[in-house]
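Structure record follows, encoded as structure tokens.
The values are calculated or read from the model by the stated rules, or taken from the named source; none is laboratory data. Quick caveat, the model's predicted, so the values are computed rather than measured. Methodologically, a virtual Cβ is constructed for each residue, glycine included, from the backbone with ideal geometry; neighbour enumeration extends over all protein chains shown.
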């Protein structure tokens, strides 16, 4: 495992890149200037970049958000979100589990995630008792997003009605504007503990990488995945035999720094071993 100060050496070795968004390109509120500059340099070098995110919103909604942050569409080759993957699966069910979901959906999540359902032949209902299944996009805006106990009654009620759950964001937590909050994946884990039936779409599921590689149009050995989460970004890439670069200053950042606030590479290597993954390199940030 190499420990690099910047991304430039890796940019020379690969033709295409699968890039995480949250924690690598932006923090959910603001773009990282150094990451935007790295995207510019990759574009100038003729590299292909695919943004792969576990955000539970369709591609277009996420692109609009990024434009407001100053991340232009021209800076990357393509994008695929877990929300887009969920939309596609609801429109064209890939197997019997999806085909038998029903048409009445209870949405557990904030209003801003509703575009996942727009234009689909589904009726959004107000309570689990009225629903055929539940779409989990994460904590809503009416409860503390850092406290699992706030969502326990809703999860228990969904389990009581034996609702299948779609998890549109397998992440357990994320840092939004400097604050650590729960994601849909954490709610899904709790739902499974309650006996619930869950399907998740997004990293680290190998299925999410097939359309990504098709869109990049490159052999896997020419592609490098970049992300800040060992559980999703790095494990997902390793699971489909893609080389991976771990960005340290993300979801694991606080635990990897020493007393002087500097990243401890020995801690990073130990954390990767404990997670059972081996990124080929680390960088402190997605900086050139």
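Checking the conditions here, which among 39, 50, 10 is in contact with a helix residue (DSSP H, G or I) (Cβ under 6 Å, 6 or more places away or on another chain), assigned by TED's automatic domain parsing to the domain that holds residue 213 and not in a strand (DSSP E or B)? Can you show your working first?
On the way: 50 fails: not in a strand (DSSP E or B); 10 fails: in contact with a helix residue (DSSP H, G or I) (Cβ under 6 Å, 6 or more places away or on another chain).
On inspection, the qualifying residue turns out to be 39.
Can you confirm whether region 22-33 contains a residue that is assigned to a helix (DSSP H, G or I) and either at pLDDT 95 or above or in contact with a strand residue (DSSP E or B) (Cβ under 7 Å, 6 or more places away or on another chain) (or both)?
The initial filter retains those residues of region 22-33 that are assigned to a helix (DSSP H, G or I), namely 33.
Those left that are additionally either at pLDDT 95 or above or in contact with a strand residue (DSSP E or B) (Cβ under 7 Å, 6 or more places away or on another chain) (or both): 33.
So far as region 22-33 goes, yes, one or more of its residues are assigned to a helix (DSSP H, G or I) and either at pLDDT 95 or above or in contact with a strand residue (DSSP E or B) (Cβ under 7 Å, 6 or more places away or on another chain) (or both).
Checking residue 264 against (1) crowded, with 16+ Cβ neighbours inside 10 Å; (2) touching a residue at least 24 places away in the same chain (Cβ under 8 Å): exactly one of these is not met. Which one?
That leaves (2) as the condition not met.
Filter region 233-262 down to the residues that are at pLDDT 90 or above, out of contact with any helix residue (DSSP H, G or I) (no Cβ under 8 Å at 6 or more places or on another chain) and more than 10 Å from residue 279 (Cβ to Cβ) and list them by number.
Matches in region 233-262: 249 only.
Please determine whether any residue of region 69-76 is buried (at least 23 other Cβ atoms within 10 Å of the Cβ) and either under 18 Å from residue 212 (Cα atoms) or not assigned by TED's automatic domain parsing to the domain that holds residue 220 (or both). Spell out how you get there, then give the answer.
Step one: filter region 69-76 for residues buried (at least 23 other Cβ atoms within 10 Å of the Cβ), giving none.
Checked region 69-76: no residue is buried (at least 23 other Cβ atoms within 10 Å of the Cβ) and either under 18 Å from residue 212 (Cα atoms) or not assigned by TED's automatic domain parsing to the domain that holds residue 220 (or both).
Assess whether residue 137 counts as being at pLDDT 95 or above and within 18 Å of residue 171 (Cα to Cα).
Against the criterion (at pLDDT 95 or above and within 18 Å of residue 171 (Cα to Cα)), residue 137 qualifies.
Just to be sure, is residue 80 modelled with pLDDT of 95 or more, under 21 Å from the mean Cα position of the chain (by Cα), under 30 Å from residue 224 (Cα atoms) and outside the structural domain of residue 11 (by TED's automatic domain parsing)? Spell out the reasoning first.
Numbers: modelled with pLDDT of 95 or more: yes; under 21 Å from the mean Cα position of the chain (by Cα): yes; under 30 Å from residue 224 (Cα atoms): yes; outside the structural domain of residue 11 (by TED's automatic domain parsing): yes.
Considered against the rule, which asks whether it is modelled with pLDDT of 95 or more, under 21 Å from the mean Cα position of the chain (by Cα), under 30 Å from residue 224 (Cα atoms) and outside the structural domain of residue 11 (by TED's automatic domain parsing), residue 80 comes out as yes.
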